[in-house]
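Down below is the structure, laid out as structure tokens.
Every read-out reported here was derived from the displayed coordinates using simple, explicitly stated rules and does not represent laboratory data. Fair warning: this is a prediction, and the values are worked out from it, not measured in the lab. Please note: Cβ atoms are built from the backbone with ideal geometry, for glycine as well, and neighbour counts cover all protein chains shown.
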Amino acid sequence: MAVLKYYDTTTSSWQYIAASTTANFTTWKKTMSGGETSVSGTDDNSVTLSYTVGLEQVFINGVLQVRGTDYVATTGTSVTGLTALVASDIVTVVCYAPFNIANTIAPTVVDAKGDLLAGTAADTVGRLAVGTNDFVLTAASGETTGLKWTDIGLGAWTSWTPTFTNITVGNSTLNFKYKQYGKLVVVRASFTLGSTGSISTNPFFTLPITSSTYVTGHHLGELFMEDNGVKAYFGRFAYRDTTTAQLQVYLSSETYLTNQGFASTTPFTWGTNDFFSGYIIYEAA
């Protein structure tokens, strides 16, 4: 006969299930005199036969009997329908009772498809809500669950509207989007000047994610600009501080390329439908 055990979380060890445990597993065992076809009452150890119908097993001399064929157990206190026993036969009735296992995790802990269970402390379990589509799970010691959902670039780009200094936006057309891959931030920018917009000296704008610290003027990305229908020019986005980037145009008047900030007439006189566009790549703080 199989021996059942349960795991004791207090002692971190497996223990035998016995009548004294909260599992309520009882064994009734009696040596027969001979001729019996039913059993009830107390056994050789003064244990009274009591079982939950359908949750009992009957053994004769260690051989498991078939419920409904070899015996009948419908009263909860007696087993009948046995083939006449002989002297010294040993009848064992294993009596199980339903029980709740301590410290189980209730299904109400989760609220939606995709929720995860995560340790929040020693011997403590919490819920991590399902993440955004195409995000991946990464370790994050600062989070309650030690985990977080992270965008690694599989999802859509995020639109944002930067704050400009020395640029009047007016009715200009903006298309600024970014994507963050871990600590790497990629920005694509497009700005078409409207009739009520204007550009002043040394314009700059806010970044979508705070940047790591670079040397002032550090190259962040290439910039293309066009005097609409006339001529195209090239420049760059330059690091100004951890939250802003400056617009600069390349100068070719010297032996080597240099750069300077935009102005209302640099690199051309800015007017309606003139535009600049480009990309920025930097490390997030």
(request) Could you size up the charge dipole of the chain around its Cα centre, putting +1 on the beta carbon of Lys and Arg and -1 on that of Asp and Glu, and report it in debye to the nearest 20? (result) 460 debye
(request) Rank by packing, highest mean first: peptides 246-253, 212-219, with packing defined as the count of other Cβ atoms within 10 Å averaged across residues. (result) 246-253, 212-219
(message) Among THR165, THR138, THR258, which one shows the highest mean-square fluctuation when the chain is modelled as a Gaussian network with alpha-carbon springs under 10 Å?
(response) THR258
(message) As I understand it, the dipole of the chain uses +1 on the Cβ of Lys and Arg and -1 on the Cβ of Asp and Glu, about the Cα centre. Which of LEU220, VAL186, TYR233 lies farthest toward its positive end?
(response) TYR233
(message) With unit charges on the beta carbons (Lys and Arg positive, Asp and Glu negative) and the dipole taken about the Cα centre of the chain, which residue among LEU128, GLN65, LEU154 sits farthest to the positive side?
(response) LEU154
(request) Using a cut-off of 12 Å between beta-carbons, work out the net charge of the residues near VAL109 (Lys and Arg +1, Asp and Glu -1, VAL109 not included). (result) -1
(message) Let me check I've understood the local charge: for PHE224, count other residues with C-beta under 14 angstrom from its C-beta, Lys and Arg +1, Asp and Glu -1. What total comes out?
(response) -1
(message) Largest first and in whole Å, what are the equivalent-ellipsoid semi-axes of region 107-150 based on the Cα gyration tensor, each being the root of 5 times an eigenvalue?
(response) 17, 15, 5
(request) Could you give me the radius of gyration and the Dmax of the chain, taking only the C-alpha atoms into account and expressing both in angstrom? (result) 39.3, 119
(request) Grab the other residues whose beta carbon is less than 11 angstrom from that of ALA73, score K and R as +1, D and E as -1, and report the net. (result) -1
(request) May I ask for the percentage of alpha-carbon pairs in region 158-283 that lie more than 20 Å from each other? (result) 39 percent
(request) Highest first, please rank the peptides 225-233, 198-206 by the mean number of other Cβ atoms sitting within 10 Å of their residues. (result) 198-206, 225-233
(request) Count the lysine pairs in the chain whose Cα atoms lie under 28 Å apart, taking only pairs 8 or more positions apart in sequence or on different chains. (result) 8
